[in-house]
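The values are calculated or read from the model by the stated rules, or taken from the named source; none is laboratory data. These numbers come from a predicted model, not from an experiment. Backbone-built Cβ (ideal geometry, glycine too); neighbour counts: all protein chains shown. Ligands, DNA and RNA are stripped out before the accessible areas are found, and what is left, the full protein with its side chains, is counted by its heavy atoms. Shrake-Rupley method; radii C 1.70, N 1.55, O 1.52, S 1.80 Å.
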Amino acid sequence: GTTVARTMAALAAAPALAARFASVRGKGSKKRVAPCRAVSVDTVTDATTGPGVTDPLMLRAIRGDKVERPPIWMMRQAGRYMKIYQDLCKKHPTFRERSETVDLAVEISLQPWNAFKPDGVILFSDILTPLAGMNIEFDIVKGTGPIIMDPVRSMADVQKITPLDPTKSVSFVGESLQILRKEVGNDATVLGFVGAPFTLASYIVEGGTSSHYKVIKKMAFDEPAVYHALLNSITDSVITYVKYQADSGAQVVQIFDSWASEFAPSDFDKYCLPYLTRIVQEVKLTHPDLPLILYASGCGGLLERLATTGADVISLDGTVDMADARARLGPEQAVQGNMDPVHLFANKQFIVDKVHDTIKKAGTHKHVMNLGHGVMQGTPEENVATFFQTVRDYRY
């Protein structure tokens with residue numbers, strides 16, 4: 001079908017590894033051999049992967065096939081908790097260089113794959129990456145976080161935003177995804193991701209990170225025409241970006257609405273939910289077989305609302321117990337999560353027990369194992385290895 005055709009096209013288009021090149025700043029980058037890992041899981045292929053299985057475990061689990069164990073990956077899987085990444089950062093100190101240079105983004109994305117063999121390999125990138133292609137200049141500064149050069153505060157500002165053309169502004173994302181698909185094959189699922197409209201708008205309007213989101217929420221309440229024009233513009237580009245990632249090789253795309261829970265539920269219904277729903281509906285028109293994961297931090301009070309979007313998977317954070325979430329959403333709604341990232345700082349037996357508890361509460365149907373938030377800086381790599389190995393060893 002169309003999924004197979006898109007897969008074959010993406011693989012055929014994948015450039016040779018030797019052709020990884022060119023940062024967006026035009027600086028050449030030579031091919032490097034990634035160093036070996038000291039900490040790793042047992043990477044012997046188990047019964048849930050390998051050439052005898054057509055689709056990767058995560059795709060089969062999400063659609064409800066009978067599987068032997070849940071697939072596993074981690075949010076923020078590639079990055080700062082790994083020493084190999086920290087060493088790379090010394091040579092390439094800016095986040096945008098690392099995430100917008102094809103060979104670096106691919107190398108970083110594959111670091112946890114080589115070490116832990118997760119069932120999902122997510123592209124190393126950032127939710128703000130497409131903003132420059134929408135005429136919104138930004139930077140990500142170490143110790144400060146995102147900075148928007150000219151925050152959007154008026155209708156005139158909104159009208160300066162341009163539609164995203166991924167092939168022109170974020171072609172490095174497409175190239176990186178193509179290479180990841182070729183590198184990983186069917187042994188894992190390649191994930192792309194996008195920021196949701198409200199979460200992106202919060203940065204664009206506030207000018208960076210925020211504590212209470214007063215500026216963006218006041219805009220929604222007092223200047224709804226400006227707010228909705230902004231959100232509609234962003235939504236159009238997010239839809240384009242999701243489709244581009246899928247066409248480039250992403251087999252699953254996660255939508256991060258990290259700050260949606262800053263709204264009271266009734267306000268969420270008005271200022272957030274319609275845009276999430278439109279993304280799912282419009283992507284499914286052209287990519288009906290692309291699984292979409294929806295994640296909102298602090299989502300315990302919004303679960304049923306998130307499910308109305310039609311997203312294939314609802315990713316749970318730590319504000320809700322897995323058993324309660326299953327009861328509230330029903331057995332046919334796929335879920336992801338949701339161990340506390342701080343659990344990975346505890347002793348090995350504690351981690352094993354928490355993994356088993358989470359899987360048992362989730363049940364044997366439509367569950368993707370993950371954390372309830374991104375893995376934290378300073379997490380011991382041997383504990384991450386325990387997390388992955390415990391899930392790989394688990395059998396329903």
- Task: Hey, can you tell me all the residues within the range 107-127 that are assigned to a helix (DSSP H, G or I) and open to solvent by 10 Å² or more (accessible area, probe 1.4 Å)?
- Result: E107, L110, W113, N114
- Message: If I ask for residues that are part of a loop (DSSP other than H, G, I, E, B) and closer than 19 Å to V170 by Cβ, which ones from the range 80-106 would you list?
- Response: H92, T94
- Message: Scan the range 361-368 and tell me whether some residue there is surrounded by 14 or more Cβ atoms within 10 Å (Cβ to Cβ) and without any contact (Cβ under 8 Å) to a residue 24 or more places away in the chain.
- Response: no
- Task: Sort out which residues of the range 301-353 are aliphatic (A, V, I, L, M), surrounded by fewer than 19 Cβ atoms within 10 Å (Cβ to Cβ) and out of contact with any Leu (no Cβ under 7 Å at 6 or more places or on another chain), and write them in order of number.
- Result: A323, A327, V342, A346, V352
- If you check I234, I255, I293, which single one turns out to be in contact with a Leu (Cβ under 6 Å, 6 or more places away or on another chain), under 19 Å from I62 (Cβ atoms), of a type in the set (A, V, I, L, M, F, W, C) and open to solvent by less than 10 Å² (accessible area, probe 1.4 Å)? I255
- Please enumerate the residues belonging to the range 128-144 that are assigned to a loop (DSSP other than H, G, I, E, B) and surrounded by fewer than 20 Cβ atoms within 10 Å (Cβ to Cβ). N135, E137, K142, G143, T144
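Each row is one residue, and each column tells you yes or no for (1) among the β-branched types (V, I, T); (2) in a loop (DSSP other than H, G, I, E, B); (3) in contact with a Leu (Cβ under 7 Å, 6 or more places away or on another chain); (4) open to solvent by 10 Å² or more (accessible area, probe 1.4 Å).
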| position | (1), (2), (3), (4) |
| --- | --- |
| V355 | yes, no, no, no |
| I359 | yes, no, no, no |
| G374 | no, yes, no, no |
| F388 | no, no, no, no |
| R392 | no, no, no, yes |
| R395 | no, yes, no, yes |
- Message: Tell me yes or no: at least one residue of the range 359-377 is closer than 26 Å to G298 by Cβ and hydroxyl-bearing (S, T, Y).
- Response: no
